[in-house]
Amino acid sequence: MRLNGKTALVTGAARGIGRGCALELARAGADVAINDRAKTEQAEAVVAEIQAMGRRSVLVDGDAFQRPWCERIVEGALAALGQIDILISNPAYSRRADFLEYDPETFARVIEGTLIGGFHMSQLIARHMVDRGGGGKIVFISSCHVKTPYARSVAYNAAKAGLNHMAFTIAAELCRHRINVNVIEPGWIDTPGEHESFGSEAIARAGPTLPWGRLGTPADIGKAAVFLCSDDADYITGTALAVDGGIWVRSAWE
């Protein structure tokens, strides 16, 4: 129970990586505010699962891409939990297409959701952490795309690369407040979104071809988040942790 007595806010937590992070934080002892765009059955199910562990949990719906909504999300989480010790910033929007055909409005939407949304939420939570004192933990969910310029992902690649550098800058500025700011770079994770993008059959075929012999799971990312949000990681800030099953080194065998 390394996070016993801590409170967390996880954005984009109804499914996939956000859900995995929320559940693992709760298993480690944290009370968790769940954010997703709407009060869906999926989001409410995550809250119920956390409450069944004996932890406090609340659903704070709202679009974490937009500043006014981010303000309401933070207000709702604070009203429910009293304070926020941990932020898992997981907003993302991705659409794949050839660069020559990429829609400019879609490009802007990906940057807004994946990069700018992360700025809004982290700034609001960091201000709260500074005002109350006592430090805190901020973890951004980035991607293996920061190292590999995967084709047909021009906007997402740019957004995640920018997210890393933004996180490191924030880490540098918040050191004096003892707020740890780090990044997790997931590899290919078995999430509902990936099944929608690639199809379940293609994912089943791809798993055994990866260096670790499988896709990652949301729990893999959640366990890494627990570590970075625990006292065990007190001396770690401004760092990117790749949780990718070796996908970065796959080309060494090709």
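For the stretch 92-111, give me the residue count where each residue is at pLDDT below 95 and surrounded by fewer than 19 Cβ atoms within 10 Å (Cβ to Cβ). Lay out the reasoning, then the answer.
So the first thing to find is which residues in the stretch 92-111 are at pLDDT below 95, and the list is 92-96.
Narrowing further to those that are surrounded by fewer than 19 Cβ atoms within 10 Å (Cβ to Cβ): 93, 95-96.
Going through the stretch 92-111 one residue at a time, the tally reaches 3.
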task = Could you please let me know if Arg109 is over 24 Å from Glu185 (Cα atoms), among the basic types (Lys, Arg) and in a helix (DSSP H, G or I)?
result = no
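Please go through the stretch 180-202 and pick out each residue that is acidic (Asp, Glu), under 15 Å from Ile17 (Cβ atoms) and outside any strand (DSSP E or B). Explain how you work it out, then say what you get.
Taking the stretch 180-202 as the starting set, the residues that turn out to be acidic (Asp, Glu) are 185, 190, 194, 196, 201.
Filter again for under 15 Å from Ile17 (Cβ atoms), leaving 185, 190, 194, 196.
Across the stretch 180-202, the qualifying residues are Asp190, Glu194, Glu196.
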Scanning the stretch 205-229 residue by residue, the ones that are surrounded by 20 or more Cβ atoms within 10 Å (Cβ to Cβ) and assigned to a helix (DSSP H, G or I) total 8
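Any idea which of Glu173, Glu185, Glu196 is at pLDDT 95 or above and either over 18 Å from the mean Cα position of the chain (by Cα) or aliphatic (A, V, I, L, M) (or both)? Working first, answer last.
Numbers: Glu185 fails: either over 18 Å from the mean Cα position of the chain (by Cα) or aliphatic (A, V, I, L, M) (or both); Glu196 fails: at pLDDT 95 or above.
Result of the check over Glu173, Glu185, Glu196: Glu173.
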Considering the stretch 54-93, residues that are assigned to a strand (DSSP E or B) and among the polar types (S, T, N, Q), and then whichever is nearest to His128 (Cα to Cα), we arrive at Ser89
Of the residues in the stretch 193-204, those that are surrounded by 13 or more Cβ atoms within 10 Å (Cβ to Cβ) and either of a type outside the set (Gly, Ala, Ser) or closer than 30 Å to Thr7 by Cβ (or both) come to Gly193, Glu194, His195, Phe198, Ile203
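The values are calculated or read from the model by the stated rules, or taken from the named source; none is laboratory data. Computed from a predicted model, the values in this text were never measured in an experiment. Glycine gets a Cβ as well: all are built from the backbone with ideal geometry, and neighbour counts include every protein chain shown.
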